[in-house]
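Structure record follows, encoded as structure tokens.
The values are calculated or read from the model by the stated rules, or taken from the named source; none is laboratory data. What you see is a predicted model, and the numbers here were worked out from it, not measured in a lab. Neighbour counts run over all protein chains shown; Cβ positions are idealised from the backbone, glycine included. The accessibility values were calculated without ligands, DNA or RNA, using every heavy atom of the protein model including side chains. Shrake-Rupley method; radii C 1.70, N 1.55, O 1.52, S 1.80 Å.
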Amino acid sequence: MSRPKGERVVYLNGRYVPESQAMVPFRDRGFTRGDAVYDATRTFAHRIFRNKEHIDRLYRSLSYLQIDPGLTPVEMMQATVEVAARNTPLLAPDADYWIIQRVSRGLDAPDKAIWGQDGPTVIIECQPLPFRERAPLFRDGIKVFIPSVRRTPPECLSPRAKTQNYLNLILGDLEVRDRDPAAWPILLDMDGNLTEGRGANIFIVRDGVLLTPHERFVLPGISRQTVIEIAETLDLEFKEADIDLFDAYNADEAFITSTSFCVCPIQSINNVAVKSAVIPGPITSKIVEGYRQVVQHDFYGQYLSHLAVR
Ligand SMILES: Cc1ncc(COP(=O)(O)O)c(C=O)c1O
């Protein structure tokens, strides 16, 4: 199929098509009900990171929502590799991709025949990572604000599933961005403890101990898990904990983790500065260095290198 020069291709229900020709019927339940899950990995110097771990998490989300994607995990992994390979020639040498799998339950239509589809909708796509927009966050640290909206409790919908329904996190995001467009939200749980924000987990450091919210209340991030493994190799004490605002305001250091950010230092929480005089602080710097080694790529320098680019 022909495509304009420079247009990426996307996997859609078994076919690789140019993005502009990848159409999803308007009766798709992902659109009408948010009835869909997704996962996202990234590349480092054009190599995919932890593809299997992301696909395993995707299939746990699918099991939770009882959606059958019609592909085995191995097939999903292979298609992910194929999407990356087909689109890598479009990347600048210092750029990288998010690679995202999206699976919806499919069509909610009385006559599915007219749509030519009678199963789930499976999409695998990639998008360039936003290095330039985020570069200042790596230099100065992220400002975190706590919105009034609370994170959906696990009794209602498990935050451990990565669903396309992001409304809870979007509401938190809207509130925070209204105060500061560059700030990041971290929502509290119903008991007033930190959980997570739009697409990111949080860690704080207090008295040399690394703390992060309990997995029951958050998405178990692959980057969060990578940091936990790095902490072990560094002999750093690590705990899952209830972290309230008292703990947050007394943090020596804090950082968020996500596939795209990897590890990004936090400058302040509700305008209360973390205690470390330098950003990133000493323990965060060790974690960053460990992360660089795990991914075999200077992700931090890659972000900073985009500071000067206009
Ligand atoms: C709600 C939420 N929390 C945390 C994360 C971080 O997970 P990971 O490190 O696997 O990207 C994500 C990823 O997008 C997310 O959506």
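Do the sum for the chain: with -39,500 (n - 2.57) for every DSSP H run of n ≥ 4, divided by all residues, what is the mean residue ellipticity at 222 nm, to the nearest 500 deg cm²/dmol?
-9000 deg cm²/dmol
Taking the alpha-carbon distance from Lys52 and a cut-off under 13 Å, which aspartates and glutamates remain once sequence neighbours fewer than 8 residues away in the same chain are dropped?
Within reach: Asp39, Glu75.
Using only Cα atoms, locate the centre of segment 95-130 and the centre of segment 197-259, then give the distance between them in Å, rounded to an integer.
Here the answer is 32 Å between Cα centres.
Normalised by the residues of the chain, what does the relative contact order come to in percent, with Cα pairs under 8 Å and at least six apart?
18
Work out how much length Leu171 to Asp244 would gain on full extension: take 0.36 nm times their residue separation and subtract the Cα-Cα distance, in nm to one decimal.
24.2 nm
Give me the one-decimal nm value for the distance between modelled label points at Asp178 and Glu53, 7 Å along each residue's Cα-to-Cβ direction.
3.7
Project the alpha carbons of segment 47-184 onto their principal axes and report the range along each, largest first, in whole Å.
Its Cα atoms span 51, 43, 29 Å along the three principal axes.
Between Thr88 and Ala113, what is the spin-label point distance in nm, taking each point 7 Å from the Cα along the Cα→C-beta axis?
4.5
For the chain, just the Cα set please: Rg and Dmax, both in angstrom.
Cα only, the chain: 19.9, 63 Å (Rg, Dmax).
Go through Pro147, Ile256, Ile170 and say which Cα lies farthest out towards the positive end of the charge dipole of the chain; charges sit on Cβ, +1 for Lys and Arg, -1 for Asp and Glu.
Going by the Cα projections, it comes out as Ile170.
Going by alpha carbons, how many degrees (0 to 90, nearest 10) lie between the helix axis of 167-179 and the longest principal axis of the chain?
That helix lies at roughly 50 degrees to the long axis.
Specify the angular offset, from 0 to 90 degrees and rounded to the nearest 10, of the alpha carbon long axis of helix 222-233 from the longest principal axis of the alpha carbons in the chain.
It is inclined by approximately 40 degrees.
For segment 1-119, what's the relative contact order in percent, using C-alpha pairs closer than 8 Å and at least 6 residues apart?
Once divided by the residue count of segment 1-119, the mean separation gives 35 percent.
What percentage of the solvent-accessible surface of the chain, computed with a 1.4 Å probe over protein heavy atoms, is contributed by carbon and sulfur atoms?
Within the chain, the accessible surface is 53 percent carbon and sulfur.
R0 = 35 Å: FRET efficiency of Val17 with Val74, Cβ-based, nearest 0.05?
The calculated FRET efficiency here is 0.95.
For the Cα atoms of the chain, what angle does the longest principal axis make with the long axis of helix 282-295, in degrees from 0 to 90, nearest 10?
30
Under a point-charge model restricted to the Cβ atoms of Lys and Arg (+1) and Asp and Glu (-1), what is the dipole moment magnitude of the chain relative to its Cα centre, in debye to the nearest 20?
920
Could I have the simple spin-label model distance between Arg27 and Gln164, label points 7 Å from Cα toward Cβ, reported in nm to one decimal?
Spacing of the two 7 Å Cα→Cβ label points: 1.6 nm.
Any idea of the accessible area per residue across segment 187-305, 1.4 Å probe, to the nearest Å²?
38
Once every Cα of segment 163-282 carries one equal point scatterer and solvent is ignored, give the base-10 log of I(q)/I(0) from the Debye formula at q = 0.17, 0.22 Å⁻¹, two decimals.
Each listed q corresponds, in turn, to -0.84, -1.47.
So which lysines can Lys143 reach, going by Cα to Cα under 20 Å and dropping same-chain residues fewer than 8 places off?
Correct list for Lys143: Lys275.
Which whole-percent values make up P(r) of segment 223-269 when all C-alpha to C-alpha distances are grouped in 5 Å steps starting at zero?
Using 5 Å bins, I get a P(r) of 5, 17, 23, 28, 21, 5 for segment 223-269.
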